[in-house]
Amino acid sequence: MGVGFAAGGWVDRQAGTVVDHPLLGWREVPVREILGAHTGLPVHVDGHARALADAERLFGRAARGSRSALHLFAGNMVDAAFATHDEVHHGPRSQAGAIAHLPLAGGTEPCPCGRVGCLQAELSELTLCRRAGLADPLRVVAAAAAGRPRAVRLLREQARMTGRAVRLLTDVLNPEHVVVTEIGVIHRPDCLAALRAELDEERAATVVPTSFPDSVLAVAGGSVALDVLYRDPLGVSPELN
Ligand SMILES: [Zn+2]
């Protein structure tokens, strides 16, 4: 059924390119063409946030059957995806969900774009790691689990800002369900509580962490391929046509 590839940043599903991934320094990289040439297989390409929104729709606990769902992805890159009636919205050139440079109230982190408090700067795992002085976000989680107060404080603060981002996006989109992929919210109930505390009670009740806490990136890639398969099961097997 081919290869599924998911990345953060701006990924054009139709063209099969990573249009812009500032952290990797990728611009207009024809991923489908490159991977196709190496593997000899059909390659399907999409953004992390959308791929995981699809995975929630296909196998997740929270947003399955939802009439409208928002997915906020805060890894190294910060992206969002919005699905209505079983369909993740892409928009022209798959640019929907590019929220990296929306301003977050109370943000203090300078962004490479020249402004302060962009979602990308505030919520990125890179910011968390830099503030914690640790190389890997899972180490920050481990430090917090070991009772180090600074790590706990940083994770809760990041979750609180994630809550503000959810508030900003849900004010615009008013989704039935909200799924959040963010390291603290995934691993710690106090972080989920800190996120929810930024929202009114009704909205807070609609927010859950990703259904795939231990395999976010693998699930993203897999769901890109499976989504194509499920939508057109015969289309991926040329011998059946
Ligand atoms: Zn910015």
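A few remarks follow.
- Accessible area expressed per residue, the chain, with surrounding protein chains retained (probe 1.4 Å, Å²): 48 Å²
- Cα point-scatterer Debye curve for region 37-86, base-10 log of I(q)/I(0) at q = 0.19, 0.22 Å⁻¹: -0.65, -0.77
- Accessible surface of region 128-241, 1.4 Å probe, proportion on carbon and sulfur as whole %: 56 percent
- Relative intensity, log₁₀ I(q)/I(0), of the chain from a Debye sum that treats every alpha carbon as a point, q = 0.10, 0.14 Å⁻¹: -0.46, -0.89
- Restricting the GluC sites (Glu not before Pro) of region 7-83 to loop positions (DSSP other than H, G, I, E, B) with no more than 14 neighbouring Cβ atoms within 10 Å leaves nothing.
- Eigen-decomposition of the gyration tensor built on the alpha-carbon atoms of region 141-241 gives equivalent ellipsoid semi-axes of 34, 19, 8 angstrom, largest listed first.
- Between 0 and 90°, nearest 10: helix 48-59 axis offset from the chain longest Cα axis: 80 degrees
- For the chain, calculated [θ]222 nm from helices alone, where every DSSP H run of n ≥ 4 adds -39500 (n - 2.57): -12500 deg cm²/dmol
- If the convex hull is drawn through the Cα atoms of region 1-100, its volume per residue in Å³: 98 Å³
- Sorted peptide list for 176-184, 207-215, 102-110, criterion being average Cβ within 10 angstrom, highest first: 176-184, 207-215, 102-110
The values are calculated or read from the model by the stated rules, or taken from the named source; none is laboratory data. Keep in mind the model is a prediction, meaning the values are calculated, not measured. Please note: Cβ atoms are built from the backbone with ideal geometry, for glycine as well, and neighbour counts cover all protein chains shown. Protein only, heavy atoms only, side chains kept; ligands, DNA and RNA dropped before computing areas. Shrake-Rupley method; radii C 1.70, N 1.55, O 1.52, S 1.80 Å.
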